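Notes follow once the structure below has been shown.
The values are calculated or read from the model by the stated rules, or taken from the named source; none is laboratory data. Just so you know, these numbers come straight off a predicted model, no measurement behind them. Note that we place each Cβ from the backbone using ideal geometry, even for glycine, and neighbour counts take in every protein chain shown. Just so you know, the surface numbers come from the protein's heavy atoms only, side chains and all, with ligands and any DNA or RNA stripped out. Shrake-Rupley method; radii C 1.70, N 1.55, O 1.52, S 1.80 Å.
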Amino acid sequence: MDPQQRQRAGGPQPPTGGGDLSAILTVLIAFVSIAAMILVPASFSTANSSFSILHQVPEGHVGVYWRGGALLKTITDPGFHVKMPLITQFEPIQVTLQTDQVKDIPCGTKGGVMISFEKIEVVNRLRKDYVYETLLNYGVQYDKTWIYDKIHHEINQFCSAQSLQQVYIDMFDQASRQTLHFSLQVDCTRYAPGIEILSVRVTKPTIPATIRRNFEQMEEEHTKVLIAIEKQKVAEKEAETHKKIALAEAEKNAQVSKIRMEQMLTEKNSAKMQQEIDNQMYLAREKSLADANFYRVTKEAEANKLKLTPEYLELKFIEAISNNSKIFFGDKVPNMIIDQRLLGNFLNNGGNGKNLEM
């Protein structure tokens, strides 16, 4: 008998098994839910992390935990960790460098002009050993208190004490690199020592269009002045260069003239020394000749003195008479002939000037 006939006959029906299948599905769903709570890592949202046991702390962060709203001192490193679901809440806190961008900061200058800083970037870092203390005092949004709100406060103080010219041009670099950075770091060091301010970057503020045009015109005029100054400096440099060239040329000519004069003077001194040497040689030669002549004359005189004997004089007298071609005759001829004896007496007396007797 087939089942349809048995059903029409009102006989007993075989079991279908529907209740067992429902029970299996219920157990499977419960098991998957528990496995998901245990094995699936918690995301960064607090709502999802409340229901998970296993959670993940990413690199560059540390894990911070709350139990019943109270901050725990437990700080975990990057990796997988286990917590109690629904009782313990988890939050990853970044401890590496991060850049907070504070945007649209309005402020008024000392003159009453409203300007706006479009963006200010603050590079900061929360030290790992100060995470618990910082979050205990200022919460997870600690940077809102000490960076975002502090930036607004410092910018408004700076603008209210300066004119538009100073804020926009003169002291803009000082505001971004010195004043703002210093103020942030001083307060953080005093009240939140775990926060390190590494650098501050400030964009140029936005000013009204009419005022900006005036500044642009001033900048154009300033550029023209700078160009004129640079041209003047170039002209001065060219004039100075020409002057140096002329001075160098004059110094060169003076040195050449000096060298020539020294050369001429050296030549004159050489000629003078040569002339003195020639004069000394001539004087020495003439002196030698005079000495030689004097010596010769002296010797001749000595020789003649030795020759002046009566016999020699008589010989010479006779030779002189004999060589005379003229002969005089008369009474006074004997007066013309000198007795040799008288001459010999004269010589013997040494020519003392006595009169010779005829």
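Size descriptors for the stretch 169-212, from the alpha-carbon set: Rg then Dmax equal 13.9, 45 Å. Tally up the carbon and sulfur contribution to the accessible surface of the stretch 212-300 as a whole percent, 1.4 Å probe, everything protein left in place. Of all accessible area on the stretch 212-300, carbon and sulfur atoms account for 60 percent. Solvent exposure of the stretch 49-94 amounts to 49 Å² per residue of accessible area, where only protein heavy atoms count and the probe is 1.4 Å. Close Lys pairs in the stretch 95-207, defined as Cα atoms under 26 Å apart and 8 or more places apart or on different chains, number 14. On a per residue basis, the stretch 95-207 carries 50 Å² of accessible surface, using protein heavy atoms and a 1.4 Å probe.
A straight chain from A250 to R285 at 0.36 nm per residue would run longer than the Cα-Cα distance by 7.5 nm. With a Förster radius of 25 Å applied to the C-beta separation of V225 and E118, the computed FRET efficiency comes to 0.25. Spin-label pair D173-Q98: with each label point 7 Å from Cα along the Cα-Cβ axis, the two points sit 3.2 nm from one another.
Rg over Rh for the stretch 49-94 works out to 0.93, using Cα positions for both radii and the Kirkwood form for Rh.
Using the Cβ-Cβ distance between A301 and D278 with R0 set to 30 Å, the FRET efficiency from 1/(1 + (r/R0)^6) comes to roughly 0.35.
Solvent-accessible surface of the stretch 212-300, taken per residue with a 1.4 Å probe and all protein chains present: 92 Å². The fraction of accessible area contributed by carbon and sulfur in the stretch 95-207 is 49 percent, rounded to a whole number (1.4 Å probe; ligands and nucleic acids excluded). For K258, the lysines whose Cα falls under 25 Å of its own Cα, not counting residues fewer than eight places away in the same chain, are K243, K244, K268, K272.
To put it simply, the accessible area of the stretch 49-94 at a 1.4 Å probe is 60 percent carbon and sulfur.
Centre-to-centre separation between the Cα atoms of the stretch 133-198 and those of the stretch 53-72: 29 Å.
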